[in-house]
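See structure below.
The values are calculated or read from the model by the stated rules, or taken from the named source; none is laboratory data. Fair warning: this is a prediction, and the values are worked out from it, not measured in the lab. Here the Cβ positions follow ideal geometry from the backbone for every residue, glycine too, while neighbour counts run over all protein chains shown. Protein only, heavy atoms only, side chains kept; ligands, DNA and RNA dropped before computing areas. Shrake-Rupley method; radii C 1.70, N 1.55, O 1.52, S 1.80 Å.
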Amino acid sequence: MAVTRAEVCVAACADLFAGDGEILASPMGLVPSLGARLARLTTEPDLLLSDGEAYLLTPEGKIEGWLPYRKVFDVVAHGTRHVVMGANQLDKFGNQNISAIGDHRKPSRQLLGFRGAPGNTANHKTSYWIPRHSKRVLVDAVDVVSGVGYDKYADPFHHIHRVVTNLAVFDFDTPDRRMRLVSVHPDVDIQEVYDQTGFELPEYEEPSITRQPTEQELDLIRTVLDPDGKREREVRV
């Protein structure tokens, strides 16, 4: 069976954790969760996975340790965590909005609220997963800053790592820390990426093609991690 866009996204999310070693992975969303579990089974065997409440888990979901929720805040403050969050809006400097759309004093739409986003982005490595890449999400400037971007905060612990969408992968390795296009997923027209992004992307190096998962990774995704194929419902093509 041909490799699907969702499987490319899972592998791209696994690559987010490359080199992280023994830190707590906190992926939010099915595809990032599959990516973290895939990384644990392949390139990052020391990665710690949690159920978010009390336990550390193996990639198969078996309990292998204890991490009560209150202790997660110690991990957050210490910086030994890599969270992959979603975003209702994400701008060119990596500011995230999950709070409200429109004027915060009288928003047109109320969302989740700030939750842990400010602490996450101030203290440890943060990446983002966007399952539907569009100008409504990737905006020039967010309406409300929940997660803090590079134009709002300068600190050695502040690290917005990468952004994975259903179309492409981005990072912030530019002189002014603006988001740049790193790779385009297979069979995605690069013009579609530009057209569906609500700000101008800097032109540095020619973006590459996002790698496809290896045969081993595909087997793990399809037979161990997600045999029911739920990943295909999260990624829009």
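Would you please name the GluC sites (Glu not before Pro) within the stretch 118-204 that are DSSP coil residues with at most 16 other C-beta atoms within 10 Å of their C-beta? Spell out each step's value before the answer.
Working: sites: Glu192, Glu200, Glu203; in loops: Glu200, Glu203.
In loop regions of the stretch 118-204 (DSSP not H, G, I, E or B), the sparsely surrounded GluC sites (Glu not before Pro) are Glu200, Glu203.
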Restraint check, Lys106/Lys135; Lys106/Lys152; Lys106/Lys230; Lys92/Lys125, Cα-Cα greater than 26 Å: Lys106/Lys230
Evaluate the distance, in nm, between pseudo-label points positioned 7 Å from the Cα of Thr58 and of Arg136 along their respective Cα→Cβ axes. 4.2
With +1 assigned to the C-beta of every Lys and Arg and -1 to the C-beta of every Asp and Glu, and no other charges, what is the dipole magnitude of the chain about the Cα centre in debye, to the nearest 20? 960
Whole-number percent relative contact order across the chain, with pairs defined as alpha carbons under 8 Å at least 6 apart: 21
Fraction of beta bridges assigned by DSSP in the chain that are antiparallel (%, nearest 5): 45
Rounded accessible area per residue of the stretch 18-103, 1.4 Å, Å²: 43
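Using only alpha-carbon positions, what ratio does the radius of gyration of the stretch 50-107 give when scaled by 2.2 N^0.38 Å?
Numbers: Rg = 16.2 Å, N = 58, 2.2 N^0.38 = 10.3 Å.
Taking the Cα Rg and dividing by 2.2 N^0.38 Å, one obtains 1.57.
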As a test, work out the antiparallel percent of DSSP beta bridges whose residues both lie in the stretch 1-108, rounded to the nearest 5. 55
Pairwise label distance in nanometres, Arg222 with Leu112, each label 7 Å out on the Cα-Cβ vector: 3.2
Solvent-accessible area, 1.4 Å probe, carbon plus sulfur percent, for the stretch 187-237: 42
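Report the full-extension gain for the segment Phe157 to Thr43: residue separation times 0.36 nm, less the Cα-Cα distance, to one decimal in nm.
On the way: separation 114, 0.36 × 114 = 41.04 nm, distance 2.43 nm.
Answer, rounded to one decimal: 38.6 nm.
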Any idea what the relative contact order of the stretch 100-179 is, in percent, if you count C-alpha pairs under 8 Å spaced at least 6 apart? 32
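Work out the FRET efficiency for Arg236 and Ser208 from their Cβ-Cβ distance, taking R0 = 22 Å, and round it to the nearest 0.05. Can you show the working numbers first?
Values: r = 22 Å, r/R0 = 1.01.
After rounding to 0.05, the efficiency reads 0.50.
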When the charge dipole of the chain is computed with +1 at the Cβ of Lys and Arg and -1 at the Cβ of Asp and Glu, the Cα pointing farthest to the positive end, of Gly21, Thr121, Val3, is that of Thr121
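From the helices alone, meaning DSSP H stretches of at least four residues, give me the mean residue ellipticity at 222 nm for the chain, per-run term -39500 (n - 2.57), in deg cm²/dmol to the nearest 500. Walk me through the numbers on the way to the answer.
Numbers: 7 runs with 55 residues, N = 237.
Only helices count here, giving -6000 deg cm²/dmol.
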Net charge (Lys, Arg +1; Asp, Glu -1) of residues whose beta-carbon lies under 14 Å from that of Leu225, Leu225 excluded, is -2
Between [x] 1, 6, 12, 15, 16, 14, 11, 8, 6, 5, 4, 2, 1, 0; [y] 1, 8, 16, 20, 22, 17, 10, 5, 1, 0, 0; [z] 1, 7, 14, 18, 20, 17, 13, 7, 2, 0, 0, which entry matches P(r) over Cα pairs in 5 Å bins from 0, in percent as derived from the coordinates of this structure? [z]
